[in-house]
Structure formats: C-alpha cells, structure tokens
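Below is one structure, written out as structure tokens, with a few remarks after it.
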Amino acid sequence: MSVPDLLAVLRFGDSAFPSGGFAFSSGLEGAVRDGFVTGEADVSAFAAEAVTGRWHTMDRVLLRSAWQDPEHADRLGEASSAVSTLREASRRSGVALLSTFAALGASDAVAYRAAVLSGSAPGHLPVAQAVCYRGHGLTVTAAEAISGWQVLSGIASAALRLGVTGHLGSQRIMQDVEGVLGSILALVPDAEPSSFNAFADIAAQRRGDGIRLFAS
C-alpha cells in the first residue's frame, strides 16, 4: 500500500470521520437491553459474528460488486436486506457518507448522491463506500479494510456509549476481534450476498420498547 493510500485509510477509518454510522449499533443496543450482552466478552463475540456473519457475506460482497456496477449492486442490496431496520440503517448511512464526500468535492459522490436523492438508487452503505473510495483512488482491498474496520469500531464505540464497557474495554474488544477481521480479509468472499446473523437481526428489529440511543 502506498503512503497516500495508507493515510487515506487512516483518515476514512477514523471514528472522527463523518461516515454516517454514529447513530447505529448493528443491533447491539437491543441485545444489551434484553440482557444478552453484559460485558466485554459478549461484545467481542457480538462483533466477531457481525464481521463474519454479515459484513463478509453481505456488505463486502456488495462493495465488490459496486466497484464495477454501483446501480446493480444497490438493487441487489435492497433485495437482499430482509430486516427493515438494518435496511434503513444502511441507506441512511450510505447517503450520509455520500454527502460527506460530496461536500469535500468528490464528483463521483456528487453524482451518485443525486441519484439516491432522486429515488433512482437506494444508496446502501457498501455501495456508497465503493463509489466514494474508488473515486478517491483507493484499491478495493483498502476499501474493504476501511469498511470492515468501521463495523468493528462502530460496535465497540456503541458498547462504550451504552455503558457496557469503558474506554480501555472498547480497545480490548477491538484488539480481540482484529484478528478475526484480518483472517476474514484474507478470504475471497462469495459472488452473491447472504447473511445469517439472526441474534443481531432480531435485536435490531425490536425497537418499540422505549427510548433508544441508536436507530438500529
């Protein structure tokens, strides 16, 4: 990886970069409220399952597909997202990321954001990531690393905000699951998207029982 690519990966993967995922917990909040996730070990297991059972088999596949054909990948993502809460979260995060890159002057992001706002494309997050990172000149390998890392760091950050862990605990979680993500990145994903993360899907969908911090 070149130095400019490395610096871009660090910038886009940083939690301070407005990538649109701050409002979503990938179902962790529901799992915490139900008492199934109570400490660091539980969060680590939850994050590892999110990386292997959804990101690698769904989001990563869509990102790769969108590298060549964003519109097709977006339609595929919409058809493959059975859980309405996570489908909406993906779309909201996607348009937020496109808006950030558009504001920074990225022409590809400007064009695709216009398509999303007009209703001609759903704007799912992995598709938006492909459009934005490819337009910035990154390789698909670098884009996948950013995307996977954001899933892991997003869950660790959500655990901190939910009071399940402290700051050091969140770092231990990311350290624990970093090896899982690294192993997954070394694998070639399937050609078609699929997802089996039933525990998190149910937790994300149960959202009618009081005030929540997160939209998923």
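The values are calculated or read from the model by the stated rules, or taken from the named source; none is laboratory data. The structure presented is a predicted model; accordingly, all values stated were derived computationally and were not measured. Counting neighbours? That spans all protein chains shown, and the Cβs are built from the backbone with ideal geometry, glycine included.
Does any residue of the range 12-25 turn out to be buried (at least 22 other Cβ atoms within 10 Å of the Cβ), in contact (Cβ under 8 Å) with a residue 24 or more places away in the chain and out of contact with any Ser or Thr (no Cβ under 8 Å at 6 or more places or on another chain)?
No - not one qualifying residue is present in the range 12-25.
Report whether or not GLY163 is out of contact with any strand residue (DSSP E or B) (no Cβ under 9 Å at 6 or more places or on another chain) and either free of Cβ contacts under 8 Å to residues at least 12 places away in the same chain or among the aliphatic types (A, V, I, L, M) (or both).
Against the criterion (out of contact with any strand residue (DSSP E or B) (no Cβ under 9 Å at 6 or more places or on another chain) and either free of Cβ contacts under 8 Å to residues at least 12 places away in the same chain or among the aliphatic types (A, V, I, L, M) (or both)), GLY163 qualifies.
Select from the range 43-61 the residues that are among the aliphatic types (A, V, I, L, M), touching a residue at least 60 places away in the same chain (Cβ under 8 Å) and either surrounded by fewer than 20 Cβ atoms within 10 Å (Cβ to Cβ) or closer than 10 Å to PRO189 by Cβ (or both) and list them in ascending order.
ALA48, MET58, VAL61
Out of everything in the range 177-216 that is surrounded by 14 or more Cβ atoms within 10 Å (Cβ to Cβ) and among the small types (Gly, Ala, Ser), what residue ends up being modelled with the lowest pLDDT?
For the range 177-216, the residue satisfying everything is SER216.
If you go through the range 161-179, how many residues are within 16 Å of GLU29 (Cα to Cα) and not hydrophobic (A, V, I, L, M, F, W, C)?
Number of matching residues: 5.
For GLY30, which of the numbered conditions (1) of a type outside the set (Val, Ile, Thr); (2) at pLDDT 95 or above; (3) buried (at least 20 other Cβ atoms within 10 Å of the Cβ) fails to hold?
Of everything listed in (1) of a type outside the set (Val, Ile, Thr); (2) at pLDDT 95 or above; (3) buried (at least 20 other Cβ atoms within 10 Å of the Cβ), GLY30 misses just condition (2).
Read through the list (1) more than 26 Å from ARG33 (Cβ to Cβ); (2) assigned to a helix (DSSP H, G or I); (3) hydroxyl-bearing (Ser, Thr, Tyr), then give the number of the only condition that SER157 fails.
(1)
Just checking, does the range 116-134 include any residue being in a helix (DSSP H, G or I), surrounded by fewer than 20 Cβ atoms within 10 Å (Cβ to Cβ), out of contact with any Ser or Thr (no Cβ under 9 Å at 6 or more places or on another chain) and not basic (Lys, Arg)?
There is at least one residue in the range 116-134 that is in a helix (DSSP H, G or I), surrounded by fewer than 20 Cβ atoms within 10 Å (Cβ to Cβ), out of contact with any Ser or Thr (no Cβ under 9 Å at 6 or more places or on another chain) and not basic (Lys, Arg).
So, in the range 79-98, of the ones that are of a type in the set (Gly, Ala, Ser) and either within 17 Å of ALA16 (Cα to Cα) or in contact with a Cys (Cβ under 6 Å, 6 or more places away or on another chain) (or both), which residue ends up surrounded by the fewest Cβ atoms within 10 Å (Cβ to Cβ)?
ALA96
Tell me the residue from GLY154, GLY119, GLY135 that is without any contact (Cβ under 8 Å) to a residue 24 or more places away in the chain and either under 23 Å from ALA102 (Cβ atoms) or of a type in the set (Ser, Thr, Tyr) (or both), please.
Only one candidate passes the filter, namely GLY119.
Scan the range 84-110 for residues that are part of a helix (DSSP H, G or I), hydrophobic (A, V, I, L, M, F, W, C) and either touching a helix residue (DSSP H, G or I) at 6+ places or on another chain (Cβ under 6 Å) or closer than 9 Å to CYS132 by Cα (or both) and jot them down.
Within the range 84-110, LEU86, VAL95, LEU97, LEU98, PHE101, ALA102, ALA109, VAL110 meet the criteria.
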